[in-house]
Every structure is written in structure tokens, then in C-alpha cells.
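Presented below is the structure to which this report refers.
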């Protein structure tokens, strides 16, 4: 558990073991920002739940509780019916449009 | 001084290679060396009658034969149980205090699925760490196997070390052809002849402190030998290498989102990813390694000493366009450079 913010350890996903930018809560904030930048391409979003889980939300209001990023991509695929593909031309162009 | 999990955990090395490529012969040669006296061995054979464990058992008494069936498809639970049981027996002093485990897979196993067992299980992950993947390459049959067997490519691409067997049965031109083949399939792996003494350095135990840093650096400098733009067309068109080099720091969170999304969508065809990341908040590079859907826990080096301060990643791809991977990295990850 993080002694500063009281968050129990997250389920280990390799992406949570990169670099430390302060407390677990602060780290999760940056992670959520990065995930939401990408999810917003398909009008989905994700938010923190109790500092240990995440809630993935569809544009129609469907929700799914996910524990880590690997599970999030799986649930997103189930909810959308197809994966979010970073090699897809339309996805690349949409992302590029946000980074002039 | 308290040791980290990385230093404390027992490495699980994987010896793989296509059917008949000389895995058991190589294992016998390795285990005969004095330095390997403290190894436990798990053997997975495909077929009703296990033979390999008898051959190896003459040398190393701590051999466990996993039941018939392929480790990567049906026996992952059994691998977990075998690793767990080894640990219990070690604590009870029923077996000597082994320092490493070597798993010899079947000739048709996908190493990525075995790696995921070690990473995914909370109990196993706590006591063991993933060691090197060593793949035997049959010099006589490699050209035909590379064309006909998809799993051959997955085994070769996932290797840290490639062990060339039966090289004495082919001529210089055939050996050259195999080297060209391996240049495409896995340019980052070290290549050794099974008869060379360097074989005894395989499955090396985790080094500690500065020694470990130096060893990692030696392996990573090999990345700079790979051309960013390959000079010739791949020997077989479906396999290609993408090398991404970026001299400005990248944002770890954006990288994590991008790579996990990429692997979810295309992991089956990303045979290997290996390299280092230049992250602003980190004093040294972060080492990234993965096989298909499985990414090893990132390793942090203390400094950039002896390495160029840049992100340098190599992807071995099957049927994917290397330029598209590079463009996707630019769009999703490097956007935060400014």
C-alpha cells in the first residue's frame, strides 16, 4: 500500500512498472489522462474507481469495471465489437488531427 | 542489504526449438558443465512415452517430466504446479537449493504462452522470474521449416540466444543462407554453435549490481548493429523488422497505452519487441522486452553509460508493415515531445 495516498497495490500490468512520478494516485492520474486521450477517439472514456480499479464507459452509457490496461482493451473490444487498432488509417488520422 | 525481487527470484529459462532440432542434446551438454549443477529441469514431451527425461536424468537427478501434451496449449496449469512443487521441495530440503530452472519445451510449443504462465500467476511471479529463451536451430532443416512451419518463426523470434545445431552437416553456403534467414527472423539474438564453449554461458544466473548493468549494456549495444532501413527485401516476405529510433524523450504513460493497444490488436503478429526507452523522468534507459502478447516487467538501468541516449526499439513483425508501426509510434507516442 502506498503510505502517502493509501492505495493498495494495483494488479500488476507491465505498464504500471515504468517510471515513478510521485505517489500511486498521481501516477494513476497521468495514466488515466493518457488512456482517455486515446479512448476519446471512439467517444469512450475511463475513470478511476477507489484507486484500485477503473470504470470504462461507452458513449451510450454502458459501463465495465476493469482492473488493468490489458483487460480494458479486451472489454473495449467486446463493447465496440472490434478492437481499437493503432495501425488503422482512420484512427491514425484522427489522432494526428489532434496533434498539429 | 535487501535484495530486490529481480535479484532474489529464481530464473526460469526456456529451451525451445522445432521438433528434432537438438534440444535434448544441447540440454545434456549444458547440464554436464559444473556450473549447471544447481539447475532443476522440467521436461515437456509430446507423446505417450517420455524419453528425453531419461536421457537428461542420467546427468541431472532433479528432472520433472510433465505429462504428455504440449506445455503451451494444455499443460500451463501443470507447469505452474511443477514450479510450485519444486519450490516446496526446496524449502523442505527434499531437493538441493537449485538456483535456476530450465524448461525444455516440446518441439511445437509457442514460447510466449509459457512465458505468460510465469508472469501471470501471482504465486509463481513472486518466487520466479523469466530467464533467457534459448532456441535451437537445425542447420539442415531450418530453410524448409522456416517456409512451412509458423511455430518455427515464433520460436526463433522469441529467443535471446539462438543455438545452431548440426552446422557440421551443411556447407559454408548453406550456413550463410541460415544466417541471412536468422538476420530477418531475429536480428537481436546472440548466435552460438552448439559445440562452442559459449554454450556454457547460456541460462546465466542473474548478475547483480554493476555487473548486471554491464551485461545488459553489452546486449543492448547489439541493437545499434541493426539497420534502420534494411538494405534488401526479406527472404520470406511476411517477416520484417521495424527499428524505431528517437533521440527526444518519450512519455511513459503514452508509450504504455500505445504498446498495450498495439499488442491487443496485433500481438499474434508481433513476434518480438526489444529495446530501450529514453524517458525524461528516468536517469537511465528502461529496457523493454516482449514476445507476442507478453511483455516482461520493464527493467531500469541506473545510467546511460556506454549507450546512446535515445529510444531504440526493434519489432519483429509477421505480415505487418514496418513503416506503419513507425508512423503509429510517431502519432501516439512522440506527440508529447514538444
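No value in this document is a laboratory result; all are computed from the given coordinates. Just so you know, these numbers come straight off a predicted model, no measurement behind them. Every residue, glycine among them, receives a Cβ derived from its backbone with ideal geometry; neighbour counts consider all protein chains shown.
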Residue A:36 paired with residue B:303, simple spin-label distance in nm, labels 7 Å along Cα-to-beta-carbon
4.0 nm
Just rank A:78, B:23, B:166, B:99, fewest to most, by other beta-carbon atoms within 10 angstrom.
A:78, B:99, B:166, B:23
Taking beta carbons within 10 Å but only from partner chains, what does the mean come to for residues B:247-260?
6
Convex hull over the alpha-carbon atoms of segment A:20-83: what's its volume per residue in Å³?
76 Å³
Kindly state, to the nearest 0.05, the FRET efficiency for residue B:33 paired with residue B:177, given R0 = 30 Å and r defined as their beta-carbon distance.
0.45
Please compute, for peptide B:326-333, the average count of beta-carbon atoms on other protein chains lying within 10 Å of each residue's beta-carbon.
5
Taking each residue in A:78-87, count the Cβ atoms of any other chain within 10 Å of its Cβ, then average. What number comes out?
4
Per-residue counts of other Cβ atoms within 10 Å, averaged by peptide: what ranking do you get for B:242-255, B:319-332, highest first?
B:242-255, B:319-332
Given a Förster distance of 45 Å, the FRET efficiency implied by the Cβ-Cβ spacing of residue A:48 and residue B:148, rounded to the nearest 0.05, works out to 0.35
If the label point sits 7 Å along Cα→Cβ of residue A:90, residues of segment A:47-77 with amide N under 17 Å come out as A:59-60, A:77
